[in-house]
Amino acid sequence: PRFARMYGILLGELGRREEGLSWHEAAVQLDPMSAEIRRSYAVALREYGRIDDAMEQLEIALEIDPVHQGALDAIATIQWQVFNKLYKAVQNFSKIIAQRPEQSDTFVWLAQLYLDLSEPDRAGVLLERANELAPGSWPTHWGKMLLKIYSETGDDTTEHARFLLANPYGSPWPGILAVAQLSRKAGAAGQYRDALAVYSQYFPRLVQEAEPEIHLENYRAAIDLSWLLQEMGDAQKASRLLQLCHEFIQGQPRLGWWGGYWVADVQILALQGRKAEALAALQQAVDEGWRSLWWYYFRLDPSLDSIRDEPEFKQALAAIEADVSAQMDRVREMEERGEIPAISSLVSE
């Protein structure tokens, strides 16, 4: 069963997800009472967009092992990324920290979640604890970079971005955001050639090939690169990249961890100059429950500059702000009732 599970994970990473799922299923049949095998299968189902099936496997895993950390983490991620129940995700991440207070990663994920809940002070406290536990870790650098971006203080994110790119870890999204940070720093100084050189270094095929293959690990970078190419006057290359990205996301779910495309359709439509369609897609994303790094896209992503002043954009922003405020109120109520520990208790254990 262990071989079947690991081979299923490998096939998934190679993009052969259907084959990967069949090996995960085989592992479950060989050892149906393994909570870890159930969790691995659930994560594969989650990335394929089969959320209900994933939740079923995770519930079985917790029946086998009620404190299984991986299952709690996967459930929290789905609550956060798919069901827009950020307050429940807070509860499950807090449970994991209570069980494993020495594990720094969960402090970082909870900090990122608090940024989505518009609570940077809480995020900062959690990241300080993560830094005490693992100052040079990949997740700690990711959390620090996010907090600096969120705070808009102008603090340099270069150190964190370069670390993330030198130490890839799981999801490609952090590396893509790191590349965007390095590129936009050069672009902000008017050094567009230097900005393009960043993409040439980390995503050479996107820059060099006329028809690059667009896939899960590069489509977000391709959209960011399209914006840069437009700024440089290369409308033809930008247009083709946007078309390829639009075709790719048709086969992806909107909601999910790094498998969900979130608001990539909004970015593409905005960059194509199709404002009305971009605004409609944005409202659809908000209504469906997208909240992943919403603050970054609404406040900072240059791909959306063309629609940022539109009334519909501001209405969508107001709707998200009201929703996350209400969810944060629920978190505070849970703290008052003792259902989850206060931040001060989490970081002192």
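The values are calculated or read from the model by the stated rules, or taken from the named source; none is laboratory data. Note that the structure is predicted; figures quoted are calculated from it, not measured. Cβ atoms come from the backbone with ideal geometry, glycine included; neighbour counts cover every protein chain shown. Please note that ligands, DNA and RNA were not included when accessible areas were found on the heavy atoms of the full protein model with its side chains. Shrake-Rupley method; radii C 1.70, N 1.55, O 1.52, S 1.80 Å.
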* Zone of Asp329's modelled label, taken as backbone nitrogen in the stretch 85-125 under 17 Å from a point 7 Å along Cα→Cβ -> 85-88, 117-119
* Rank Met6, Trp173, Gln230 by how far each Cα sits towards the positive end of the charge dipole of the chain (+1 on Lys, Arg Cβ; -1 on Asp, Glu Cβ) and give me just the farthest. => Gln230
* Structure fact -> With +1 at each Lys and Arg Cβ and -1 at each Asp and Glu Cβ, the charge dipole magnitude of the chain around its Cα centre, to the nearest 20 debye, comes out at 460 debye
* Could you grab the relative contact order for the stretch 84-162? Cα pairs under 8 Å, six or more apart, rounded to a whole percent. => 25 percent
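Determine the per residue accessible area of the stretch 207-309 with all protein chains present and a 1.4 angstrom probe, expressed in square angstrom.
Details: 3960 Å² over 103 residues.
Per residue, the stretch 207-309 has an accessible area of 38 Å².
Tally up the carbon and sulfur contribution to the accessible surface of the stretch 203-349 as a whole percent, 1.4 Å probe, everything protein left in place.
Values: 3000 of 6430 Å².
The value for the stretch 203-349 is 47 percent carbon and sulfur by accessible area.
Say R0 is 51 Å: what FRET efficiency, to the nearest 0.05, do Ser200 and Glu336 get from their beta-carbon distance? Don't skip to the end; give the middle numbers.
On the way: r = 53 Å, r/R0 = 1.04.
For R0 = 51 Å, the calculated efficiency reads 0.45.
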* Report the one residue of Tyr41, Ser200, His160 whose Cα lies farthest in the direction of the positive end of the charge dipole of the chain (charges on C-beta: Lys and Arg +1, Asp and Glu -1; origin at the Cα centre). => Ser200
* Please give the length that would be gained between Lys148 and Arg2 if that part of the chain were fully extended, namely 0.36 nm times their separation in residues minus their C-alpha to C-alpha distance (nm, one decimal). => 48.5 nm
* Per residue, how many Å² of accessible area does the stretch 153-196 show with a 1.4 Å probe? -> 49 Å²
* Would you mind putting 144-153, 102-111, 218-227 in packing order, based on average other-beta-carbon counts within 10 Å, highest first? => 218-227, 102-111, 144-153
* Charge dipole of the stretch 230-349 about the Cα centre (unit charges at C-beta), most positive-ward option of Gln252, Leu282, Gln272 -> Gln272
* Over what distance in Å are the Cα centres of the stretch 151-218 and the stretch 286-346 separated? -> 26 Å
* Structure fact -> Once Gln29 and Glu128 are pulled to full extension, the length gained, defined as 0.36 nm per residue separation minus their Cα-Cα distance, is 31.3 nm
* To do: Pairs to check: Lys144/Lys185; Lys148/Lys314; Lys144/Lys314. Give those whose C-alpha atoms are more than 26 Å from each other in this structure.
  => Lys144/Lys314
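Expressed as a whole percentage, what fraction of the accessible surface of the stretch 62-159 belongs to carbon and sulfur atoms when a 1.4 Å probe is rolled over the protein heavy atoms? Walk me through the numbers before you get to the answer.
Working: 1650 of 3540 Å².
Carbon with sulfur: 47 percent of the solvent-accessible area.
Using a probe radius of 1.4 Å on heavy atoms only, what accessible surface per residue do you get for the stretch 1-103? Whole Å² is fine.
Ligands and nucleic acids excluded, the result is 47 Å² per residue.
Which whole-number percent gives the relative contact order of the chain, counting Cα pairs below 8 Å spaced six or more residues apart? All intermediate terms of the calculation are to be shown ahead of the outcome.
Values: 462 pairs, mean separation 50.1, N = 349.
So the answer I get is 14 percent.
Please give the calculated 222 nm ellipticity per residue for the chain, where each DSSP H segment of at least 4 residues contributes -39500 (n - 2.57) and the sum is spread over every residue; nearest 500 deg cm²/dmol? Before the final figure, lay out each step's value.
Values: 20 runs with 251 residues, N = 349.
It comes out at -22500 deg cm²/dmol, rounded to the nearest 500.
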* Asked: Assigning unit charges at the beta carbon (Lys, Arg +1; Asp, Glu -1) and nothing else, what dipole magnitude in debye, to the nearest 20, does the stretch 170-218 show about its Cα centre?
  -> 300 debye
* Structure fact -> Under the 7 Å Cα-to-Cβ spin-label approximation, Gln99 and Glu213 lie apart by a distance in nanometres of 3.8 nm
* To do: Assign unit charges at the C-beta atoms only (+1 for Lys and Arg, -1 for Asp and Glu), then state the dipole size of the stretch 29-124 relative to its Cα centre in Debye, rounded to the nearest 20.
  => 160 debye
